[in-house]
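Following: one structure in structure tokens, then a few remarks.
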Amino acid sequence: MGPYPKRVSPAPSWTGWDDTGILAPVDAPEISDLLIAYDPDTLARLPVRRSAVVERLRAAGRPGAARIAARLPARDDVLDEAAVDALLLRVHAELQRLSEEFDQGERVRSVLAPLLDALRAAGAPRPLRVVDVGCGLGYVVRWLAARGGLGPDVELVGCDYNGALIASARAAARDEGLSCRFHVANAFTLREPATVFISTGVIHHFRGDALVAFFREQARAGALAFVHFDIKPTHLSPLGAWIFHQARMREPLSRHDGVLSALRAHAGAALLSAARAGAEGLSSALFDGDIGLFPVLRVMHAVVGVRPDLRAPLVERLGPRGRRLGAFS
Ligand SMILES: C[S@@+](CC[C@H](N)C(=O)[O-])C[C@H]1O[C@@H](n2cnc3c(N)ncnc32)[C@H](O)[C@@H]1O
């Protein structure tokens, strides 16, 4: 069930808090992961039983999340697709506000622009196609198209399984007069393959073997590089996420999934070992950096992968930011 490969969870680590204040397994699913199911070949929507979602959340130790799911409209126990899409659009609009506040466009550009320069210097085939995996409303792609200054040889493409999100991303790009494209598609099986895969806030949805497969599929798709940003777990990030989501989010689902995202965000070492196991032919490193006594000030980190000959040119073009990039595998 859900848009992601089947969850292969190790034994849960009992270090997270349920929304009722009760200790709960960190590897519990987010509500949004359970509300939609797709046929993996055609991406057609499949019916989702509300009682199954409620039961799964209860079994995962998330009674508050189960109550949110139990309130969703359903007919004969099958979730109402239009209502689910409308809810996900509201949730992603709240997520977009968070992306604006955390400057996700500039954050991605600061690594992507030097990477594209390194690819040009290495004679990579043009256009340089940047594909955002799980783009949602396409905020980062639209920001890059409007303000990224990445060059005329760069194509910006956003992909998501969810047609309602993509329709909204397309409408916004049209209104803003932007040169970027959005597809309802699996980002890893596009006819015109990506030069670089990017994502923001997506990789914590992939767990265990599915995370390794996430990287394997990018290498198989022929990408020369990837840059995936996600929440950086620190001892303060769950509290920070809770305060932020209480203050800025209105949808109960946004609040629940946002805090759970911080609790189950992957540590840098886990990202690196999955990237190294999955992305054959690419070297991986963590884009992070120590910020002394205040790790909480660095809310995101990224796992970066490049073809081995691009390592030195990338570090050189990152300039002082190169210090934030760890050792390549
Ligand atoms: C958390 S949401 C979108 C987050 C979005 N990047 C943002 O910052 O607003 C994750 C999305 O990833 C999509 N997704 C997951 N794997 C995908 C894949 N292989 N191709 C396209 N979309 C994918 C799901 O459909 C889901 O809508």
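Side notes on the structure shown:
- Test: ALA169 is free of Cβ contacts under 8 Å to residues at least 40 places away in the same chain, buried (at least 24 other Cβ atoms within 10 Å of the Cβ) and assigned by TED's automatic domain parsing to the domain that holds ALA194: yes
- Members of the range 134-148 found to be farther than 12 Å from THR200 by Cβ and in a loop (DSSP other than H, G, I, E, B), listed by number: GLY148
- Options ARG191, ARG220; residue that is free of Cβ contacts under 8 Å to residues at least 12 places away in the same chain, more than 10 Å from the ligand (Cβ to nearest atom), closer than 21 Å to LEU128 by Cβ and surrounded by fewer than 18 Cβ atoms within 10 Å (Cβ to Cβ): ARG191
- Summed over the range 235-250, residues that are touching a residue at least 24 places away in the same chain (Cβ under 8 Å) and in contact with a Gly (Cβ under 8 Å, 6 or more places away or on another chain) total 3.
- Of all the residues in the range 81-110, those that are within 16 Å of the ligand (Cβ to nearest atom) and over 30 Å from VAL53 (Cα atoms) number 10.
- Screening ARG62, ARG67 for residues that are more than 12 Å from the ligand (Cβ to nearest atom), touching a residue at least 12 places away in the same chain (Cβ under 8 Å) and not assigned by TED's automatic domain parsing to the domain that holds ARG317 leaves exactly one candidate, ARG62.
- Of all residues in the range 171-188, those being in a helix (DSSP H, G or I) and away from the ligand (no atom under 15 Å from the Cβ) number 3.
- Some residue of the range 251-259 being more than 30 Å from ALA60 (Cβ to Cβ), touching a residue at least 12 places away in the same chain (Cβ under 8 Å) and surrounded by 18 or more Cβ atoms within 10 Å (Cβ to Cβ): no
- Residues in the range 4-58 that are of a type in the set (Ser, Thr, Tyr), farther than 20 Å from TYR161 by Cβ and modelled with pLDDT of 75 or more: SER51 only.
- Meets criteria (surrounded by fewer than 24 Cβ atoms within 10 Å (Cβ to Cβ) and touching an Asp or Glu at 6+ places or on another chain (Cβ under 8 Å)) for LEU128: yes
- Selected residue (criterion: farthest from the ligand (Cβ to nearest atom)) from residues of the range 127-156 that are charged (D, E, K, R) and touching a strand residue (DSSP E or B) at 6+ places or on another chain (Cβ under 9 Å): ASP153
- When residues in the range 201-240 are screened for being in contact with a Lys or Arg (Cβ under 8 Å, 6 or more places away or on another chain) and not in a loop (DSSP other than H, G, I, E, B), 4 of them pass.
- For GLY201: the one exception among (1) near the ligand (Cβ under 9 Å from one of its atoms); (2) without any contact (Cβ under 8 Å) to a residue 12 or more places away in the chain: (2)
So that you can scan it fast, the table gives a plain yes or no per residue for (1) outside the structural domain of GLY151 (by TED's automatic domain parsing); (2) β-branched (Val, Ile, Thr); (3) under 19 Å from the mean Cα position of the chain (by Cα):
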| site | (1), (2), (3) |
| --- | --- |
| ARG174 | no, no, no |
| THR195 | no, yes, yes |
| ILE198 | no, yes, yes |
| ALA219 | no, no, yes |
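- Under the condition of being within 22 Å of ASP230 (Cβ to Cβ) and in contact with an Asp or Glu (Cβ under 7 Å, 6 or more places away or on another chain), the residues counted in the range 160-181 number 1.
- In the range 114-155, the residues that are without any contact (Cβ under 8 Å) to a residue 60 or more places away in the chain, closer than 20 Å to VAL303 by Cα and over 16 Å from the mean Cα position of the chain (by Cα): LEU144
The values are calculated or read from the model by the stated rules, or taken from the named source; none is laboratory data. Predicted model, so just to flag it, every value in this text is computed and none were measured. We place every Cβ from the backbone using ideal geometry, glycine too, and count neighbours over all the protein chains shown.
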